[in-house]
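> What follows is a structure written as structure tokens; I'll ask about it next.
Values quoted throughout were computed directly from the atomic coordinates according to the rules given, and no laboratory measurement underlies them. Just so you know, these numbers come straight off a predicted model, no measurement behind them. Methodologically, a virtual Cβ is constructed for each residue, glycine included, from the backbone with ideal geometry; neighbour enumeration extends over all protein chains shown.
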Amino acid sequence: MGHGTWFQILGLHMNIECERESSPGTTPNVFVVDKDASVRESLITLIQSAGWCTETFACAQEFLSRTKVPAPSCLIIDDSLPDLSGLDVQARINADRVDMPIIFITDFPNVRTTVRAMQAGAVEFFTKPFNDNMILSAIRHAIDRSKLAMARQAQLLVLQERYAILTSREREVMHLVVEGLLNKQIGCELAISEITVKAHRGKLMRKMKATTLVDLIKKVWTLRAASGFYDYTVNWIAPARSAPLARELLAIEA
């Protein structure tokens, strides 16, 4: 499985190398985009020696057309490509692939480009010829970041699935609980009895698998912080009321 194989996908050629030391889908993938074939070949050998899968591309569009892989990954990219700049690719990756950290390589270092890349979250920016040990260390760091990002995305997906099974009333009660209101206050706010509030509260805690109020607050704040997450079925209360309570509870737990 360590031998290179040439595939033709959508009319685009890609060189794919992988040491299959673990089950498919779990071995980290290191993507390389560089116009220089000799650089791509040297990186294939280096990456394969560390036991990672690698795919190389001669231009940005070939890489961008590649289907997303469900495994930890990172991208090594030349800052100067024939079709798009490395910074342009970084902007696209940052928009929808937060689980893919980027390592830049360049023939001609430019301070402005380096600063922009690092400010946008690049792991490292190397000048060719680069040190093998240094780039391997950067790849390990990038893969660790990718694993963490994937774990956070998985956690968020679980929370969103749990949230989706709540009734509209349970959602209303939950957000008011997180804002720091007592059961009696929630009852007045929603024009329901305190007993009914307690019943909804018990159900939502079970559905969200929250063990404590602090746990529930963390889960709701994770959902609220997620990009684009907004529940239009309930009226959100200004966070000013819940912030002091949450900080107090989190401080006590710590």
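> For segment 37-172, give the share of DSSP beta bridges that are antiparallel, in percent and rounded to the nearest 5; count only bridges with both residues there.
Taking every DSSP beta bridge within segment 37-172, about 10 percent pair in antiparallel fashion.
> Here is a further query. Which trypsin sites (Lys or Arg not before Pro) from segment 172-229 combine a DSSP loop assignment with at most 12 other Cβ atoms within 10 Å?
Loop-located and lightly packed - 209.
> Next question. Would you please classify the overall shape of segment 31-150 from the alpha carbon gyration tensor, given that a ≥ b ≥ c denote the square roots of the eigenvalues, rounded means a/c under 1.5, and beyond that prolate means a/b larger than b/c while oblate covers the rest?
Here segment 31-150 falls in the rounded category.
> To make sure I understand the rule: partners must be lysines, Cα under 27 Å from the Cα of residue 209, and not fewer than 8 residues away in the same chain. Which ones qualify?
147, 184, 198, 218, 219
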